[in-house]
Amino acid sequence: MRLKAIIINLVLFGALSAQTATVPLYRVFERKVVNDKDYINHFTDVTLNVQYQAPSGRLYNFLGFYDGNGKGDSEGAIWKMRFMPDEAGKWSYVYTWSDGAKGGIGTIDCVAEGAGRGVLQPYAKNPHWFAYNGTDPVWIKSYYETGHGSIGQNFDWVVKNVYSKFFDAGYNHLQVNWLLSLCCFGQYYKDGPEPETLDLALYREGDLFGSMSLDVWRRMEQHLGWLNDHDIGVHMFLGVDGSRNNGPDWGKLSYEEKDGFVRYMVARLAPYANLAGWNFVWEVPGDREDRELGFARLIGKYDIFHHLRTYEDETPRDNEYARPEYTFAAVENHKIAAEDKNMERHLHKEPWTHHIACLLGYKGKPVFMSEGNALWRRYWQERTKATQDDLRRSAWACATAGAAFTWNGHAGEYELYVGGSEGLPFNEENPYQQSERYISILADVMENEVAFYRMVPHDELLADQPALQVYLLAEPGEQYLAFTTEGAAFSIKIEKGIYSYVTWIDAKTGERVFLKQISVKDEQVTVPFDPPNRRTDWALIVKKSFSNE
């Protein structure tokens, strides 16, 4: 009723400027409007307010944003409104200006054809996992793509040589550094075209709304938009605090500036369904009101689409993820074995520290191993000396802890390449092409061999295993997934039933060794398992049926 009343008033005052657009479900609606009033500061002097009404009658109050000339130049009279319709049918909207300037109305025909997957959120039925819109569970296959300055390179080249490779290999999630663009612009693909610009700072410290680069926003959104169109989630690893990398310091902004920046950022980015998720920066404590905690609270206030929110905890043994401001955990694997990090540096490459870190990070919300030290070739490998065996085992250690993870198979902390031995792990010159194969084997198991979204960590059901070498994910009485390092033998306490599908999977090659069905007649029986050999790592699947339904 409120929307209809506003429209009637606009009709009476002759303010209508109706437009109709057709947009697929969970894709981005965008409209440009002109406001050529002479504002001193277009970012702060006026607000573009938009109210959307769904076919069901639900109302959404959202914001528009100033966009200069609409093409990246800061001079102009173009404002934009963006929205992500989450319901098929005809939407209505009305926009107004905070200073009383002439507004207008429009409609959106939201269609099912070309629909996106939606917004990643905790899976309502089992919040160990992520699910589109909280209802459609998905196994996250994620890679850490580190091209800070790549948004300054030719976009089509980056799509062809970088993003398309991940899409073709089945990745549905990237952790990136260019969102937001605050630092490290020299880290672009050296075997690609020369950058069109390296002036990629989103703003200058001390002059937030006086130095905002609309060209940088345009470039970030171009990349985010392509990935959104291909349903590839994007986690903003470096986030909004550039001070950790010699960029603008979030802590030096006033509360009013933080609030204004978050409003502007949400208006621009939140309509992209693939934003997954908001992150302050790396390795922070999680409880600082003037930094990560306050940032997450502001995001929760303005993001009407409820994208994921987190901070990265280096030492998750004592974390803040129970707070309502955070909707998932992004963890690292430090201080797992000792309070003094120097005493346990030699353990940062160990798979079991990744497993325990994921277990510790779980507070009823999904866990994402954002900076597993054995999972990063870039930066961490030269420090931990982790092998590709460590990488493979750590990936399984995260998965069997009921957690998602990201990994990295290129080097290039300072010199970044697509091809060659230190480039992306999709060419034969790169030895980490083998690790990409390991990750794909794991992903295939999780996506096609088990109903992972019904499973949770159950290490307590293991017996007779060597310490810290065997992990178990299970839906007791239905399905069990164990991982064992170097073929170590173990036992599982299995509940009553007939388990028709029993197979070993070589974690290096994907080779299967099928076993006879297991019949458990008592309420629970400890069943021993001895892998086919000790030359490799093995996964074991025990489940009642061949189907994952």
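We did not get these values from a lab; they are worked out from the coordinates using the rules stated. This is a predicted model, so every value here is computed, not measured. Every residue, glycine as well, gets a Cβ built from its backbone with ideal geometry; the counts of neighbours run over all protein chains shown.
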**Request:** Return a whole-number percent for the relative contact order of region 458-543, with Cα pairs under 8 Å and 6 or more residues apart as the contact set.
**Result:** 35
**Request:** Mind checking which aspartates and glutamates have their Cα closer than 15 Å to the Cα of Lys190? Skip sequence neighbours fewer than 8 apart in that chain.
**Result:** Glu145, Glu413, Glu415, Glu422
**Complete:** Given [x] 75, 56, 52; [y] 76, 73, 44; [z] 79, 49, 41 as possible values of Cα extents along the principal axes in Å, the one from the coordinates is [z]
**Complete:** Ordering 279-285, 220-226 by per-residue average of other C-beta atoms within 10 angstrom, highest first, gives 279-285, 220-226
**Message:** If I stretch the segment between Lys496 and Asp36 completely, what's the gain in nm (0.36 nm per residue apart, minus their alpha carbon distance), one decimal?
**Reply:** 158.3 nm
**Asked** Lone cysteines in the chain, going by a 4.7 Å Cβ-Cβ cut-off?
**Response** Cys110, Cys358, Cys398
**Request:** Calculate, in nm to one decimal, what Asn133 and His230 gain on full extension: separation in residues at 0.36 nm each, minus their alpha carbon distance.
**Result:** 33.2 nm
**Complete:** Simple SL model, points at 7 angstrom along Cα→Cβ for Ala489 and Asp45; separation in nm is 8.1
**Message:** For a test of the definition: using alpha carbon positions, the gyration tensor, and the 1.5 limit on a/c, classify region 107-162 as rounded, prolate or oblate.
**Reply:** oblate
**Message:** Need the C-alpha centroid separation for region 326-358 versus region 280-303, integer Å.
**Reply:** 22
**Item:** Protection proxy ranking of 370-383, 435-448 - average other beta-carbon atoms within 10 Å, highest first
**Value:** 370-383, 435-448
**Message:** Amide H of Gly147 versus every other amide H placed in the peptide plane: which residues, excluding those fewer than 5 positions away on the same chain, fall under 5 Å?
**Reply:** Asn177
**Prompt:** From the backbone phi of region 436-448, what are the Karplus-calculated ³J(HN,Hα) couplings (6.51 cos²θ - 1.76 cosθ + 1.60, θ = phi - 60°) in whole Hz, Gly and Pro given as x?
**Reply:** 4, 5, 4, 5, 5, 4, 4, 4, 5, 4, 5, 7, 10
**Fill in**
From the Cα centre of region 434-495 to that of region 66-106, the distance in Å is 50
**Request:** Using the Karplus curve 6.51 cos²θ - 1.76 cosθ + 1.60 with θ = phi - 60°, work out ³J(HN,Hα) for each residue of region 45-54 in order, rounded to whole Hz, and write x for Gly and Pro.
**Result:** 7, 8, 10, 9, 9, 10, 10, 10, 10, 6
**Message:** With just the Cα atoms defining each centre, how far is region 125-152 from region 219-271? Give it in Å.
**Reply:** 17
**Message:** For Cα pairs less than 8 Å apart in space and 6+ apart in sequence, what is the mean separation divided by the residue count of the chain, i.e. the relative contact order in percent?
**Reply:** 10
